[in-house]
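S.K.: Shown below is the structure under consideration.
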Amino acid sequence: MQTVLLATSDPRLWEKARSHFSPPIHWVIPFTAETLTVAVTLGWVKPEVIEGDSCLGMQGFHRSEGVFGPITWLNTPPNKTLIEWQYRVDGIVSDQVHLLPKLASVAHRETELLLSSELLQTHSLRLERRARSLFFKGLPPRDRPSRPRHVLIIGAGLAGAFCAWSLAQRGIRCTVLDAGPVPGSGASALYAGLLHPHWQANESPLFRLTRLGFHRMLSLLQRFPDCFEATGVLELAQDEQSFENDRAMVAQNALRMPSDMGHLVAAHFASNYSLTPQTTGGWWYPKAGIVKAGRLVRRLLEEANAQVLTNVSVSLRHLDGNWGALYGGEPIAKGDQVIVAAGLNSPSIVGLAEQDYALSGLYGRLSLIPESENSQHAMALTGRGYLVKSQDGFVAVGATYESLEEGIWSPQTAHEHNQALFSKLLPDTRAQLAHVGFYEGIRAVARDRMPLAGPALSRELVASTHFKGLPEVGKLPVETGLWFCCGLGSRGITWGLICAESVVADMLGETPVLEASLRRAIHPGRWIRHRLVA
């Protein structure tokens, strides 16, 4: 499929491009009010598609199904669009004089140019004609990665299942290996976890990745309705001052997501939703809800038709031009590429320590409590803690964040912590929780709380590579065919899918799922590069 960038809002050039380039085509369009209007007016996208996707207005890359091929909308600050794109397209359509010199950065030797007559008369670049088509002079050929036939995935939790499913959508076979007894036996075994966009007041990478991941997960869950309860999620303000601060932000129109994804609600709404008086309001996420994480892992792997091998703790080695997964020193599976999605154990699988990738473990426990009188009122609360009540009577509250380095708590201490959170979430509830057990697992968390998703470095590569100064992430030498998708922390349900799709897109040389700045922010080498300074 060709990729064509429409760097113009002139409808005549759009129509000329549609007849000039041969389908199938993936259209790439900088998002503005003008380009959106042109797309709808010319019938490139159906109005109901645009009306049903209010998230197009958020910063980021957004995919729409267009009438003449898929569309990726680039919603970025205008002066950063090409910087954030960083992908060499097969065709460029433009009428913008000031933009033409920069367009060479997203072109390759065979990128065909379709320019307005005015632009052809005013440009001063070195262009050449070949077979009646126009190209930039002196550009390198496009570097297309070879398509893998078989991919190994180490880890059968949420990250591994998302990767397997994403590969299967592209017709690529995979084998999934896991040290546990069944898929999703670690932290991903959680019966019911929260999916919500975690509102923040600034455009941090953390918030951008979270809300983009949330939006993408909603689309996936339409395919797996048995794994999702659309209860909405209420994020209670910590106190009245926090609520007033957020209300001031709303008044200043400083929101970074559409109101149908999240909006501020008063205390009376919070009280009605939680069935107990609340002194403050908070953020209401109407499209959010409860995800049956363990069930989703199994459903994704089933639909991916992946071969799953459990109870195997493996290491990796190059074998005859492929990657081999070794168990007990013997190869048990081979693939031409490998994704390590084994949480806290991911660095050791490539011969490195957790600290090399700035990973640490946080032990988390949710207290399970018996079905209460109003447990059929499904709800999800967060902000001052975490409370889930599903329609089938499952009730859990928590969670703890226990450092493995400092030592985990006693069960009694953990439950007392969760009891205190319960009292904050439902302040009018006087009863003590009848603790009947825990849901527990280890979250792998990077130092900056961002996941690790992208090309990785192995022990051998680290040992043989040195720089005089701190290298840029994009200039790191990475192991061919080795990828990480781990360190998802406590937001694996929300951003695990978009991280997996970003890894798979990079692996296959597809159009990027995330902006370049976000891909740098989740690059697995962002911490290990400090070890490479001579």
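S.K.: Based on the Cα coordinates of segment 213-320, what is the per residue volume of their convex hull in Å³?
M.R.: 204 Å³
S.K.: Got a number for carbon plus sulfur as a percent of segment 360-506's accessible area, 1.4 Å probe?
M.R.: 50 percent
S.K.: Taking the DSSP beta bridges in segment 16-135 as the whole, what percent of them are antiparallel, to the nearest 5?
M.R.: 55 percent
S.K.: For segment 173-283, what does the relative contact order come out to in percent, with C-alpha contacts under 8 Å and a separation of six or more?
M.R.: 25 percent
S.K.: Hey, if you drop one equal point scatterer on each alpha-carbon of the chain and run the Debye formula without solvent, what base-10 log of I(q)/I(0) do you get at q = 0.08, 0.13 Å⁻¹?
M.R.: Treating every Cα as an identical point scatterer, log10 I(q)/I(0) equals -0.57, -1.35.
S.K.: Now for a separate question. Got the relative contact order for the chain handy, in percent, Cα pairs under 8 Å and 6 or more residues apart?
M.R.: For the chain, the relative contact order is 15 percent.
S.K.: Something else: Rank by packing, highest mean first: peptides 183-196, 73-86, with packing defined as the count of other Cβ atoms within 10 Å averaged across residues.
M.R.: 183-196, 73-86
S.K.: So for F68, F162, what's the accessible-area order with a 1.4 Å probe, most first?
M.R.: F68, F162
S.K.: If you roll a 1.4 angstrom probe over the protein chains with everything in place, what fraction of the accessible area of segment 225-308 belongs to carbon and sulfur, to the nearest %?
M.R.: Reported share for carbon and sulfur atoms: 49 percent.
S.K.: Given a 1.4 Å probe and the protein chains all in place, what does the accessible area of E128 round to, in Å² to the nearest 10?
M.R.: 50 Å²
S.K.: Based on DSSP, what percent of beta bridges with both residues in the chain are antiparallel, to the nearest 5?
M.R.: 65 percent
S.K.: When 1/r is averaged over all different Cα pairs and the result inverted, which Kirkwood radius in Å belongs to segment 142-226?
M.R.: The Cα-based Kirkwood calculation yields 15.3 Å.
S.K.: May I pose another question? Which residues in segment 333-348 have a backbone N closer than 11 Å to a point placed 7 Å from the Cα of R459 along the Cα-to-Cβ line?
M.R.: The answer is 348.
S.K.: Suppose R0 equals 35 Å. What FRET efficiency, 1/(1 + (r/R0)^6) with r the Cβ-Cβ distance, do V250 and K475 give to the nearest 0.05?
M.R.: So the FRET efficiency works out to roughly 0.25.
S.K.: Separate question: Taking the solvent-accessible surface of protein heavy atoms with a 1.4 Å probe, what is the per residue accessible area of segment 22-67 in Å²?
M.R.: Per residue, segment 22-67 has an accessible area of 46 Å².
S.K.: Something else: For segment 136-286, how big is the tail of P(r) above 19 Å, as a whole percent of Cα pairs?
M.R.: Everything past 19 Å amounts to 67 percent.
S.K.: Between the alpha-carbon centers of segment 248-307 and segment 48-115, tell me the distance in whole angstrom.
M.R.: 31 Å
S.K.: Continuing with the same structure: Just to check, using Stokes-Einstein with a Kirkwood Rh over alpha carbon pairs, what's the diffusion coefficient of segment 281-397 at 25 °C and 0.890 mPa s in µm²/s?
M.R.: It comes out at roughly 134 µm²/s.
S.K.: Cα convex hull of segment 1-86: how many Å³ per residue?
M.R.: 86 Å³
S.K.: With an 8 Å Cα cut-off and a minimum separation of 6 or more residues, compute the relative contact order for segment 451-534 in percent.
M.R.: In percent, rounded to a whole number, it is 50.
S.K.: Could you state the orientation-averaged shadow area of the convex hull built on the Cα atoms of segment 239-297, in nm² to one decimal?
M.R.: 5.5 nm²
S.K.: Related question: What whole-number volume per residue, in cubic angstrom, does the convex hull of the C-alpha atoms of segment 23-157 give?
M.R.: About 179 Å³ per residue, rounded to a whole number.
S.K.: Toward the positive end of the charge dipole of segment 134-208, about the Cα centre and with charges on Cβ (Lys, Arg +1; Asp, Glu -1), which of I154, L190, P140 goes farthest?
M.R.: My answer, from the dipole projection, is P140.
S.K.: Can you give the helix-only mean residue ellipticity at 222 nm for the chain, where every DSSP H stretch with n ≥ 4 adds -39500 (n - 2.57) and the sum goes over all residues, rounded to the nearest 500 deg cm²/dmol?
M.R.: The helix contribution divided over the chain gives -8000 deg cm²/dmol.
S.K.: Where the only charges are on Cβ atoms (+1 Lys, Arg; -1 Asp, Glu), what is the dipole of the chain about its Cα centre, to the nearest 20 debye?
M.R.: 1520 debye
S.K.: Starting from 0 in steps of 10 Å, tell me what percent of the Cα-Cα pairs of segment 335-493 lands in each bin.
M.R.: The calculated distribution, bin by bin, is 10, 31, 25, 18, 12, 4, 0.
S.K.: Place a point 7 Å from Cα of M1 in the direction of its Cβ. Which residues in segment 505-523 have their backbone N less than 14 Å from it?
M.R.: Backbone N within reach: 505-506, 508-513.
S.K.: Translational diffusion coefficient, Stokes-Einstein: compute it for segment 266-339 using the Kirkwood radius over C-alpha pairs as Rh, at 10 °C and 1.306 mPa s, and state it as an integer in µm² s⁻¹.
M.R.: The calculation lands on 94 µm²/s.
S.K.: Shifting gears a bit: Give me the accessible area of H263, 1.4 Å probe, in Å² rounded to the nearest 10.
M.R.: 70 Å²
The values are calculated or read from the model by the stated rules, or taken from the named source; none is laboratory data. Values in this document were obtained by computation on a predicted structure and should not be read as measured data. Here the Cβ is made from the backbone with ideal geometry for all residues, glycine too, and neighbour counts use every protein chain on show. In case anyone asks, the SASA skips ligands and DNA or RNA and just uses the protein heavy atoms, side chains included. Shrake-Rupley method; radii C 1.70, N 1.55, O 1.52, S 1.80 Å.
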